[in-house]
Structures are given as C-alpha cells and as structure tokens.
Amino acid sequence: MQTSKCLLVLAATVAGMCVPCSTWATDPDTEIQAKAREALRQKMESIGQLNEAFAEVPATSGADPAAVAKAREALRKKMMQIDSDPSQAASTEAEARALREARRSSGGTLAFPPIEKPASPLSSDQQQKLAELLKRYQADELTPEEYHRERAKIIGAK
C-alpha cells in the first residue's frame, strides 16, 4: 500500500508540472511577437524565392550571347597563339627548369644569401674583455652583482 501511495504522489506531481507547460504553449502571442513572427515568415519566403530563382537562371543569362561567343573565340585564339609560338612556351619552360635546378641544389628550398649582422658598437678590446668576464661568470668565479658591475665598467669605458 505504501508503494501505491508514493506512485500516486509522483504521478500527481508530474501531472501538475505538465499542466503549466501546456498552457504556456497555447498562450496567444503579444502584438510584438506576432509582428516579429510575420516578418520572419516573410523573410524566409523571400529567401526561398531567391533560391528558386537562382536555381532556374542559367549562368550566362545576364550576358549577351554574342559577347559570350566573342569572348570564347578570343580565348581560343590566345590559346592557339601560345601553343603555336614556341618561344613563349620555351621561356616559361626555361624559367621553370631554372627554378627546379635551384631548388634541387639547395635541398628543396631556395638558397638566399645570409643576412649580415650589424657592426658592433663595442671595440675589439671591449668584446674580448666581455668574453673573458662571461667565462669567469659561467665558471662561478663571480656573483651576478660583480658580473654586472664589471660589465657596466667595460661597456661604459668606450
């Protein structure tokens, strides 16, 4: 009997929750909602009409058929001219061959000259002293404070 009472309470609770949901769905739209729904419907119809219109229109409908034929003929003539003139084809083939050779000789990438580093503002004597100081610092002969103090002295004494 206990189980049937729990089942009855559960069923009543679920039914009570569903009643407000069904009334929400059937509430009439406000005036703003109705206008928005109508505008959305009209927009969707216009998009559908545009899609149908584009599907029905052939690709050359906007162009004059005589102009299309003239353009195609000019294209054919240009292609035949390129095919019949071996010097144009040879120059492009020679360029392509040179590019392939350059890539092959550089291991697949084009070789560029190395970028030169700018000249150091320090003299060779200063550079030598800085190198010795760095070696001493890396060998833990100097503390960081001592290293930076000595480095500032060397750089400051131009």
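Nothing in this text is a laboratory measurement; each read-out follows from the coordinates by a stated rule. This one's a predicted model, so the numbers in the text were calculated from it and none came from an experiment. Every residue, glycine as well, gets a Cβ built from its backbone with ideal geometry; the counts of neighbours run over all protein chains shown.
Which of the peptides 149-156, 137-144 is most tightly packed, and how do the rest follow, going by the mean number of other Cβ atoms within 10 Å of each residue? List each step's numbers first, then the result.
Numbers: 149-156: 12.9, 137-144: 11.1.
Ranking the peptides 149-156, 137-144 by packing returns 149-156, 137-144.
For Lys35, go through the lysines and keep the ones whose alpha-carbon is under 26 Å away, minus same-chain ones fewer than eight residues off.
Straight-line reach from Lys35, under 26 Å: Lys43.
Each residue of segment 67-76 in turn: what ³J(HN,Hα) in whole Hz from Karplus with 6.51, -1.76, 1.60 and θ = phi - 60°, glycine and Pro shown as x?
With the stated coefficients, segment 67-76 comes to 5, 5, 5, 5, 5, 5, 5, 5, 5, 4 Hz.
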